[in-house]
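Every number here is computed from the coordinates shown, using simple stated rules; none is lab data. Just so it is clear, the structure is predicted and the values come from calculations on it, not from any experiment. A quick note on method: Cβ atoms are made from the backbone with ideal geometry, for glycine too, and the neighbour counts reach across all protein chains shown.
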Amino acid sequence: YEQVESMILLSRKFRPTSTTRAQQEKLDKKDVVLATCGTKGNVRLWKATPGDQDGSISNIISDFSPLASQNDDDAFGEENGGYTSLHLTSLSTTHLNPMLVAIDAEHNMAFLRMEWTGEHNADLGLVNDRSIVGRNGEILDLSVIPQTNSTAKTSDKHTVAIATNSSQVRIFGLGEAKEDEVGENSQTHLALSPRGMLDGHTAIVLSIDASPCGNYLATAGKDKTMRIWHIPSQTCVAVATGHTEAIGSVALSKKIGCYDVGGKAAENGAGAFTVTASKDRTLKLWPLPGSAVMNRWAGGKGGGNNPLNARLSAR
C-alpha cells in the first residue's frame, strides 16, 4: 500500500492504440485507465472494464487491476521521497504524442512515454523519455506548452510553464545540450533555459494549464483570481474574479477549433472556456471571447485586465 499523491484519468486519445489481438486483450478501447503516483516513487497504470449490472442499461466499473508501471531502474523510489504530482501533456498541436510528467520529492521532472513493449509488442510499458534535474524551488504545477508554428522555429524542443511557491509563473525552454564526448560516442541531455516570467498574481499560483493551440495559458491561485495569458507575447489578456477563496485548480477546454469562435456564439458556450475549482466549494465556467479578441488584447488594445464573466457556477 502507498499514499497516492496524484491521479489522472486517461481518455482513449491519450493512450496507445491497441491494434493486435494480444494488445486488445491487454487493453480494450472500452477500458477505463488511470495513472497514479505516490510515496512508493513509482508511476503506475490501472485499468477497469465497464460492464452491465443484471442486464440493465446502467454500467458499473469492476475493480481496478494493474496495467503497467515503471521499472525499478527508472522509478524514483520510496527511499528518495517518492513522487508528489503527476501531469498529462501533449507536446504538439498537430500530434497528440501524450506524455506523463512526474514530479518527485526533489522537484525533478521525469517525462514518461506510454508504449507497447516486449515480445510481439504485447506488454504496455512506461518508458522514461527524458528527465530534468536541478530544480530547487517546489513545483506546485506545470504545463508543457504545445508547439506552434512560431515556437517550432526556435532552438527549443519544448516549452514548459512552471508554477513554484511564488506569485510568478516561469517559462522555460527545453533544448538539447551535448555532453562531453567519450571515445567515439557522445550523449545528449535536455537543458532547461529561462524564457520569461508571467507576473500579475498577488499571491502564490497553485494551478496552470495551457491551451491545445499553444497560444494561451490559464493561471489561478491564492489571490482568488484566474488569469489568461497570451503565451507568444507573455501578456495577461483577461482576469476572472468571483471566487471568495483560493482557486486550487484551473483547466482550459481542449478542442483547438473552439478558440476561433467569438461573439455571441462564444458567450453562449460554443467557444473555448476555462473551468476553475475553488476552496469556496464552487466550480465556475468562464467562456473565452475567441482568439481574435484575445490577440487584440495582447497587442495592447483593451489593456491586460479585461474581465471575464462566469457563465455557470455550481456548488
TODO: Tabulate in residue order the Karplus-calculated ³J(HN,Hα) for segment 197-204, using 6.51 cos²θ - 1.76 cosθ + 1.60 with θ = phi - 60°, rounded to whole Hz; enter x for Gly and Pro.
DONE: 8, 9, 10, x, 5, 9, 8, 4
- [ ] Return the FRET efficiency for the residue pair GLU115, ASN305: r is the Cβ-Cβ distance, R0 is 30 Å, and the value is rounded to the nearest 0.05.
- [x] 0.10
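Greater than 28 Å separation of Cα atoms is the criterion. Which listed pairs, LYS13/LYS264; LYS222/LYS254; LYS29/LYS284; LYS254/LYS279, meet it?
Numbers: LYS13/LYS264 30 Å; LYS222/LYS254 25 Å; LYS29/LYS284 31 Å; LYS254/LYS279 24 Å.
Those over the limit are LYS13/LYS264; LYS29/LYS284.
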- [ ] Starting at the first residue of segment 32-48, write each ³J(HN,Hα) from the Karplus equation 6.51 cos²θ - 1.76 cosθ + 1.60 with θ = phi - 60°, in whole Hz, x for Gly and Pro.
- [x] 8, 10, 10, 10, 9, 8, x, 5, 6, x, 9, 7, 10, 10, 10, 9, 9
TODO: Calculate one ³J(HN,Hα) per residue across segment 256-266 by plugging θ = phi - 60° into the Karplus curve 6.51 cos²θ - 1.76 cosθ + 1.60, and present them in order as whole Hz with x for glycine and proline.
DONE: 4, x, 5, 6, 8, 7, x, x, 5, 4, 5
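Tell me the net charge near GLY269. Cut-off is 13 Å between Cβ atoms, GLY269 excluded, with +1 for each Lys or Arg and -1 for each Asp or Glu.
Every neighbour counted, the sum reads +2.
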